[in-house]
Structure formats: structure tokens, C-alpha cells
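Asks: Attaching a single structure in C-alpha cells format; questions to follow.
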Amino acid sequence: MKGNLTLDAHATVGKVDPRLFGSFIEHVGRAVYHGIYQPDHPSADADGFRQDVIDLVKHLQVPIIRYPGGNFVSGFNWEDSVGPKDQRPRRLDLAWRSVETNQFGLHEFEAWAKKVNADTMMAVNLGTRGIDAARNLIEYTNFPRGTYYSDLRRQNGADQPFNIKTWCLGNEMDGPWQIGHKDATDYGKLANETSKALKWVDSSIETVACGSSALDMPTFGQWENTVLNIAYDNVDYLSLHRYYGNRDDDTPNYLAQNLDFDDFISGVVAMCDAIKARRHNKKQINLSMDEWNVWYHSNQQDDETAPWQEHPHLLEDIYNFEDAILVGSLLITLLKHADRVKIACLAQLVNVIAPIMTDDNGKAWAQSIFYPFMQASTMGRGTVLTPITSAETYSTKEFHTVSYLDSIGVLNDAGNQVTVFAVNKSLDTPMQLHVDAGTFDFKQVTGATQFAGYAPKQTAQDAAMHIAPNTKYTLDAPGLTIELPPLSWNTVQIAV
Ligand code: AHR
């Protein structure tokens with residue numbers, strides 16, 4: 001099978017905001033306790049953070065991490081999580097029907113995030129709480145000194161402000177499962193007023209308003225319209241959340257789901273721009289895909305988990321190889337929209353629908369989805385080149401004309417290297433991908449890798465998966481031809 005990607009140095013989508021490779025830590029399951037924090041684990045450092053997890057997170061070079069939820073944040077009192085640990089209350093977490101000990105809180109997260117070189121994307125509780133708790137929180141985190149909350153932070157051991165720059169105005173507030181769920185008008189007003197108050201404390205921050213929690217919400221569209229009509233002038237981003245699964249065990253259909261992701265993003269961009277046009281507004285609202293991933297393997301097990309445990313095993317999807325291929329296609333889709341999607345958080349980071357897992361008393365290990373995410377995050381920074389692709393197509397029960405090829409190129413900031421990412425969705429046929437150099441001068445291939453050769457349902461649980469070099473390429477006059485194995489995620493780096 002043949003595929004083609006044409007590059008043109010003058011046709012660009014836009015610059016990649018590093019926050020496109022963000023992730024998410026929520027107080028749910030074993031993400032925090034027995035995930036990033038486990039003082040009695042052999043690898044724990046002086047702060048009780050698992051060093052084996054820190055090492056794996058560092059491989060992903062995650063620039064920003066959303067915290068502390070998710071559904072959890074809509075019932076969270078941030079004050080419970082600061083101050084002496086022996087005085088922090090144990091609470092019922094109604095979102096996940098678990099017990100929250102608050103032994104890991106705001107200061108611990110900031111210390112941990114620093115160790116993995118990540119910024120915080122802080123979510124405020126707009127479920128059970130509102131403007132007052134949010135403005136107190138930002139006074140605590142961002143105000144230097146000399147006021148009640150900034151001095152409380154200093155008293156609790158952080159002399160310097162945390163200076164958190166990106167703030168989520170609640171979480172999935174359109175969902176009836178959310179504590180304090182609201183209709184669009186009520187949420188729009190609350191998000192607008194909260195954003196104003198947060199920015200009055202620190203005018204350098206950016207805020208994210210909740211969009212629909214999923215494309216298939218009955219209020220999708222109407223919600224976005226109402227919220228933005230109220231809050232347009234005071235917020236910077238609108239959020240999107242999207243999870244996928246192969247529930248019918250139909251792999252070709254499953255691998256086509258990045259088309260749905262693409263439509264979702266384009267649709268929300270159109271909604272933002274329709275409001276912009278109607279208001280004759282120069283300001284553009286960009287998108288924060290602040291939860292995305294595959295999530296379905298653990299659903300049944302979670303239904304059977306007993307409530308009111310501390311750090312129960314929840315949302316522990318064990319990913320297989322086909323999941324990693326879809327994640328690769330979703331990453332390419334995010335890059336395609338880098339002009340408007342400025343923030344994206346792989347949900348989540350450790351143990352909970354995560355690329356990194358821990359055994360309670362044993363090792364930390366990388367799941368299949370770890371590999372495409374790591375390569376996109378470490379190699380996909382720079383300027384996205386407009387992808388012109390062609391390949392054979394197929395149809396499934398949900399999608400028509402699905403290309404076997406997903407591919408895109410990113411020019412690095414130095415302007416001397418193009419990285420091409422490519423997925424071959426065929427289950428049985430290799431693809432000869434021709435990368436047309438267009439206006440580039442391809443000097444040499446500096447690296448080529450393939451993630452391939454695993455059965456669709458193979459997991460990385462028992463034995464590590466790995467990325468292998470790809471030597472099946474030739475550099476010729478108009479470009480490069482490389483063989484993409486069946487069912488594969490691939491990268492090629494070319495000096496230009
Ligand atoms: O990421 C898991 C959950 O999915 C989050 O808490 C919630 O926002 C979404 O529904």
C-alpha cells in the first residue's frame with residue numbers, strides 16, 4: 001500500500017504550545033496515594049514521593065499538570081489540604097465514593113510538580129463552592145505576602161508564591177454526575193464572575209471555562225453558546241473532554257475514532273468563532289482539551305468496587321497495543337489543530353487511565369500508550385506543517401473514507417529539523433510512505449523509529465514494550481520513502 005505526505009515550509013498550522021502535551025493528576029483511585037505519593041515505598045524520597053514514578057514522568061516531559069480534579073474538585077475544600085498533616089481532616093469524597101485523607105495536598109503537589117518540571121493547571125471548586133473559595137485560593141497560591149491567605153501559605157512553609165498561571169473554572173459542570181451541577185446560564189454567570197475575581201488578584205493568569213463534558217451530551221452546542229455569550233470577555237479557553245473505547249471489539253472502527261476527535265475540535269472552534277463574529281470581537285477563544293484518552297477497560301471492575309475505601313483500585317485501565325495506536329492518531333489530530341488547541345491533558349498520568357502504573361509494593365511501569373505520548377511530547381515541539389496526505393481508505397460502521405494513514409510534520413524551533421509522525425492503521429499490510437520534501441531540502445535522516453510488531457490486544461503489563469529503530473527508508477531527490485509496518489506508530493527525523 002502507498003501513502004503520501006507533502007510538506008511545505010510556507011504552509012503552517014501554527015506554533016505548538018508546549019501545554020499541548022499536558023497531563024492530569026486527580027485525587028481518585030491510586031493516582032496520588034500509592035501513585036505519586038507513597039512514603040513507605042522503597043523508592044520513596046524524603047518527601048514521600050515515589051522516585052520510580054518521578055523518573056518515568058520525566059521521560060514524558062509533561063509541561064503542565066491539571067490538579068486536583070476532575071469530578072473530585074467539585075466537592076473539595078482546598079483548605080483541608082494545607083497546614084500540619086496531623087490536623088488535616090479525613091473526608092468523604094462523594095465523586096468517587098472514597099475516603100480522602102488529605103495527607104497529600106497543595107504544597108505536596110507543588111513540590112512534586114517541581115520535581116517533574118511541570119507547571120500546575122489548577123481547578124477551582126464551582127460545584128459546592130464558588131467565587132469566595134476561589135479568590136482565597138489564588139490569594140494563597142499567587143499573592144506574595146502581607147495578607148491573610150498569602151501569610152498562611154508562608155506559615156505553612158512556602159515563602160514564595162506558587163505563581164500558578166492556568167486556572168480551570170470548575171469541572172464538567174454540564175454533567176448531572178457532578179456535585180453542584182448547574183445549567184448553562186447559572187454556570188456561565190458563576191464562571192464569568194469567578195474568572196473576574198481570580199484575575200483581579202493576579203492579572204497575569206489565564207482561565208478555562210467548562211465546555212460540554214462530551215460531544216454526545218444532549219446540551220452540546222447550546223451549552224457552549226450560552227456559557228460563552230455570558231463569559232466571553234473574561235475567559236481565555238473553552239474546555240473539551242473526550243474518551244474512547246473499543247467496546248464492540250471492532251478494531252478498524254476503533255482506530256477511526258480520531259475522525260470523531262477531529263470533528264469535535266472543529267465543531268467547538270466553529271462555535272467559538274461564531275460568537276466572536278456575532279459580537280464583532282477581536283478576541284479569540286482557544287481550546288483546552290483538558291481530558292482525553294482511551295477509557296473503557298476498567299468500567300466493569302469499577303462498578304464492583306466497594307465504596308468508602310482509601311485509594312481504591314479505580315479506573316485502572318490496562319492498555320493494549322491498539323490503544324497505543326489510537327492514542328498516536330489522537331496526538332496527530334491534536335497537532336493538526338495546534339492553532340486553536342493550546343492546552344491538552346492526557347487523562348490521566350499515574351494509575352488512573354494512565355500511561356504509568358505502579359504495583360502497590362513493587363515497580364512502576366510504562367503502559368503501551370506511554371510510548372507514542374512520550375515521542376510526541378519530546379519530538380513534537382515547534383511549528384506544525386499543514387498536512388497534505390493521501391492514502392487508501394476504508395469504511396466502518398461509524399465512519400466513511402477513513403484513511404489508513406494519519407501523518408503530520410513538525411519543524412523544530414531551530415528550523416533545522418522536521419519530525420514526521422505517522423500511523424499505519426492497516427492490520428495486515430505495510431505502507432510505503434512517501435514524504436514529499438516540498439520546499440524543504442532534506443539533508444539526511446537523523447532518526448527513524450517504529451512502534452510495531454505487537455498483537456492488537458497485547459499489553460505491556462508482563463513485559464515492557466519498546467520502540468525500535470526503522471531502517472527501511474530511502475532518501476531520494478524529491479523526498480523520503482519509508483516503510484510503515486502494519487498497525488504501527490512511526491517517527492522520522494530529517495535534517496533540513
Ligand atoms: O478523568 C476521569 C474523570 O473523567 C474526571 O474526573 C471527570 O472530569 C471525567 O468525567
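Asks: Identify, by number, the condition in (1) in a loop (DSSP other than H, G, I, E, B); (2) touching a Lys or Arg at 6+ places or on another chain (Cβ under 9 Å); (3) open to solvent by 50 Å² or more (accessible area, probe 1.4 Å) that residue 181 doesn't meet.
Replies: (2) is the only condition that residue 181 fails.
Asks: While we're here: Tell me whether region 157-178 contains one or more residues that are modelled with pLDDT of 95 or more, closer than 29 Å to residue 369 by Cβ and in a helix (DSSP H, G or I).
Replies: no
Asks: Now for a separate question. Any residue that is within 16 Å of the ligand (Cβ to nearest atom), in contact with an Asp or Glu (Cβ under 7 Å, 6 or more places away or on another chain) and either over 15 Å from residue 123 (Cβ atoms) or open to solvent by 30 Å² or more (accessible area, probe 1.4 Å) (or both) - is there at least one of those in region 75-83? Let's see the steps before the verdict.
Replies: Step one: filter region 75-83 for residues within 16 Å of the ligand (Cβ to nearest atom), giving 75-76.
Subsequent filtering for residues that are in contact with an Asp or Glu (Cβ under 7 Å, 6 or more places away or on another chain) retains 75.
Checking which are either over 15 Å from residue 123 (Cβ atoms) or open to solvent by 30 Å² or more (accessible area, probe 1.4 Å) (or both) leaves us with 75.
Yes, because at least one residue in region 75-83 is within 16 Å of the ligand (Cβ to nearest atom), in contact with an Asp or Glu (Cβ under 7 Å, 6 or more places away or on another chain) and either over 15 Å from residue 123 (Cβ atoms) or open to solvent by 30 Å² or more (accessible area, probe 1.4 Å) (or both).
Asks: Kindly provide the set of residues from region 28-59 that are in contact with a strand residue (DSSP E or B) (Cβ under 6 Å, 6 or more places away or on another chain) and within 16 Å of the ligand (Cβ to nearest atom), ordered by number.
Replies: 31, 35, 36
Asks: Ok, one more. What are the residues in region 363-382 that are open to solvent by less than 30 Å² (accessible area, probe 1.4 Å) and of a type outside the set (Phe, Trp, Tyr), if any? Spell out the reasoning first.
Replies: Restricting attention to region 363-382, the residues satisfying the condition of being open to solvent by less than 30 Å² (accessible area, probe 1.4 Å) are 364-373, 375-377, 380, 382.
Result: 364, 366, 367, 368, 369, 372, 375, 376, 377, 380, 382.
Asks: List, please: which pairs have Cβ atoms under 6 Å, are six or more places apart or on different chains, and start with a residue in region 244-273 that is within 22 Å of residue 387 (Cα to Cα) and end with one that is of a type in the set (S, T, N, Q) and assigned to a helix (DSSP H, G or I)?
Replies: 258/329; 258/333; 261/333; 262/333
Asks: Tally the residues that are away from the ligand (no atom under 16 Å from the Cβ) and touching a Gly at 6+ places or on another chain (Cβ under 7 Å), restricting the search to region 282-332.
Replies: So the answer is 0.
Asks: When you go through (1) within 16 Å of the ligand (Cβ to nearest atom); (2) farther than 28 Å from residue 417 by Cβ; (3) not small (Gly, Ala, Ser) one by one for residue 62, which number turns out not to apply?
Replies: (2) is the only condition that residue 62 fails.
Asks: Is one or more of the residues making up region 307-318 open to solvent by 50 Å² or more (accessible area, probe 1.4 Å), within 17 Å of the chain's Cα centre (by Cα) and either under 21 Å from residue 195 (Cα atoms) or touching a residue at least 40 places away in the same chain (Cβ under 8 Å) (or both)? Steps first, please.
Replies: So in region 307-318, the residues open to solvent by 50 Å² or more (accessible area, probe 1.4 Å) come out as 307-311, 313.
When the remaining residues are screened for being within 17 Å of the chain's Cα centre (by Cα), the result is none.
Scanning region 307-318, I find no residue that is open to solvent by 50 Å² or more (accessible area, probe 1.4 Å), within 17 Å of the chain's Cα centre (by Cα) and either under 21 Å from residue 195 (Cα atoms) or touching a residue at least 40 places away in the same chain (Cβ under 8 Å) (or both), so the answer is no.
Asks: If you scan region 203-212, which residues turn out to be open to solvent by 10 Å² or more (accessible area, probe 1.4 Å) and over 14 Å from residue 122 (Cα atoms)?
Replies: 203, 204, listed by residue number.
Asks: If you scan region 48-88, which residues turn out to be under 18 Å from residue 130 (Cβ atoms) and among the acidic types (Asp, Glu)?
Replies: The answer is 79, 80.
Asks: Considering only region 109-136, state which residues are assigned to a helix (DSSP H, G or I) and either open to solvent by less than 70 Å² (accessible area, probe 1.4 Å) or in contact with a Cys (Cβ under 8 Å, 6 or more places away or on another chain) (or both). Explain how you work it out, then say what you get.
Replies: Our first condition is that a residue be assigned to a helix (DSSP H, G or I); within region 109-136, this holds for 109-115, 131-136.
Correct list: 109, 110, 111, 112, 113, 115, 131, 133, 134, 136.
Asks: Now for a different question. Which ones in region 226-270 are over 30 Å from residue 193 (Cα atoms), surrounded by fewer than 20 Cβ atoms within 10 Å (Cβ to Cβ) and more than 16 Å from the ligand (Cβ to nearest atom)?
Replies: Across region 226-270, the qualifying residues are 247, 248, 249, 250, 251, 252, 253, 259, 260, 262, 263.
Asks: Also, I was wondering about something else. List pairs: first in region 46-73 and among the hydroxyl-bearing types (Ser, Thr, Tyr), second at pLDDT 95 or above and away from the ligand (no atom under 13 Å from the Cβ), Cβ under 6 Å, 6+ apart or cross-chain?
Replies: If the second residue must be at pLDDT 95 or above and away from the ligand (no atom under 13 Å from the Cβ), the pairs left are 67/109; 67/120.
Asks: Which of the residues belonging to region 383-399 are over 20 Å from residue 4 (Cα atoms) and either surrounded by 19 or more Cβ atoms within 10 Å (Cβ to Cβ) or hydrophobic (A, V, I, L, M, F, W, C) (or both)?
Replies: 399, the sole residue that qualifies.
Asks: Restricting the search to region 155-193, which residues are over 23 Å from residue 107 (Cβ atoms), more than 14 Å from the ligand (Cβ to nearest atom) and not hydrophobic (A, V, I, L, M, F, W, C)?
Replies: Those that are over 23 Å from residue 107 (Cβ atoms), more than 14 Å from the ligand (Cβ to nearest atom) and not hydrophobic (A, V, I, L, M, F, W, C): 182, 183, 185, 186, 187, 188, 189, 192, 193.
The values are calculated or read from the model by the stated rules, or taken from the named source; none is laboratory data. Remember, predicted model here, so these are calculated numbers, not experimental data. No Cβ is skipped: glycine too gets one built from the backbone with ideal geometry, and neighbour counts run over all protein chains shown. Each accessible area value is taken on the protein alone, full model and side chains, heavy atoms only, with ligands, DNA and RNA left out. Shrake-Rupley method; radii C 1.70, N 1.55, O 1.52, S 1.80 Å.
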